[in-house]
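Inspection log for the structure reproduced underneath, given as structure tokens.
The values are calculated or read from the model by the stated rules, or taken from the named source; none is laboratory data. Not measured: the values here are computed from a predicted model. Note that we place each Cβ from the backbone using ideal geometry, even for glycine, and neighbour counts take in every protein chain shown.
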Amino acid sequence: MFFKKKPNPKPLGVPLGDLHTILLSTTLESKLGQNRLEVTYENLTAVLSVEEPPVKEAHDTNLQAIVKIKTYLPEAFNRFLDVAPVRDSMNSMATFAALTQDEKGFYLGSRLTIYEDETGWPVYFPLLLYSLIVTNEIFNHSVRIQLGQDKPIQDQSVWTPEDFELTKSYMDQLCVCTTGPTGFTAEFGLGNDDICAIAGHKTALWTMSSKDSHPALGGGLFCLLQLPMSFEKEQLLKVLNILNTAEMAPNDLPPHFGAWTTGQRGDNPAYVAFLPNIMHSEAKNIHLNMSIWAHQRVPIAMSTLLSHGFL
């Protein structure tokens, strides 16, 4: 007699069973499988998969698992998404996932790299949970906003000046940074001697703002990392696609819960993420984590662009 093997509730240390238990209390349809968790909202199914890291390099020996969340979009969206500027516009409203494309089609993608003796679960768990809960809903809502069928939501943010001051107290050791009542700003040098743009140095600009609402989520924290280089529009769209694809690689990378899109200058790459108000209480001091990850993301993005001949 053959018995069906029960899913492992904690493959490679990732608490899929705990995530599934919480999801069962929602109206979402969820299913726990072998090293995976599926969550369905309307016409979209998000699949969270837990993978072993690739063959470990000497400097990556502490990698334990790669967690990916992918929602492949129905073919009915293809004609709409085949237009690169449309994809870029959708990514400008990213929350926890980037609209990306691979050989199977268009998908909403997030990635989390887990390490041995991981200590980041107080932040990682709510990130994974709310990615599964809201990403697909946000996509549908954002499409309807783009088509003029839904109205943007306007709410106040719960992030405070004290949150930004806490971030500054840590980031002061890494970069030039300032705070205000509604935000945090930092410059990350591209080279070892680069510190501040006003001194003629090459820097990436990192901002977090509680002033801007998300059209589909309302109040929260708007996070934006802008690289300083400029590209022609067609080339910029290629750069953004490369960067979003690279973020899903099973490598030693900072968490990917956002998207590369066009920066505020209109010709530069920028990484955008939005944390809804619920994340303020559910993932304590996540604004500090976001700043550290942004600092780590700059040299990786530069290396990616250099390897593809864009620098």
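Looking at (1) surrounded by 21 or more Cβ atoms within 10 Å (Cβ to Cβ); (2) in a strand (DSSP E or B), find the lone condition where Phe139 falls short. It fails just one condition, (2). Pairs meeting the criteria (first residue in segment 228-242 and more than 15 Å from Tyr271 (Cα to Cα), second residue part of a helix (DSSP H, G or I) and modelled with pLDDT of 95 or more, beta carbons under 7 Å, at least 6 apart or on different chains) are Phe231/Val239. Looking across segment 99-114, not a single residue is buried (at least 24 other Cβ atoms within 10 Å of the Cβ) and either free of Cβ contacts under 8 Å to residues at least 12 places away in the same chain or out of contact with any strand residue (DSSP E or B) (no Cβ under 7 Å at 6 or more places or on another chain) (or both). Among the strands (runs of 3 or more DSSP E) confined to segment 19-112, the ones with at least 1 residues that are more than 22 Å from the chain's Cα centre (by Cα) are located at 29-33. What number of residues within segment 147-176 satisfy the criterion of being surrounded by 15 or more Cβ atoms within 10 Å (Cβ to Cβ) and part of a helix (DSSP H, G or I)? So the answer is 6.
Within segment 171-185, residues that are over 11 Å from Met208 (Cα atoms) have Cβ atoms under 7 Å from residues that are small (Gly, Ala, Ser) and part of a helix (DSSP H, G or I) in these pairs: Met171/Ser291, counting only partners at least 6 apart in sequence or on another chain. Please tell me if Gly258 is surrounded by 22 or more Cβ atoms within 10 Å (Cβ to Cβ), within 30 Å of Pro126 (Cα to Cα) and free of Cβ contacts under 8 Å to residues at least 40 places away in the same chain. When the stated conditions are applied, Gly258 does not pass them. Of everything listed in (1) touching a strand residue (DSSP E or B) at 6+ places or on another chain (Cβ under 8 Å); (2) at pLDDT below 90; (3) of a type in the set (Gly, Ala, Ser), the single unmet condition for Gly17 is (2).
With respect to the conditions (1) surrounded by fewer than 17 Cβ atoms within 10 Å (Cβ to Cβ); (2) touching a Ser or Thr at 6+ places or on another chain (Cβ under 8 Å); (3) modelled with pLDDT under 95, Thr245 falls short on a single one, namely (3).
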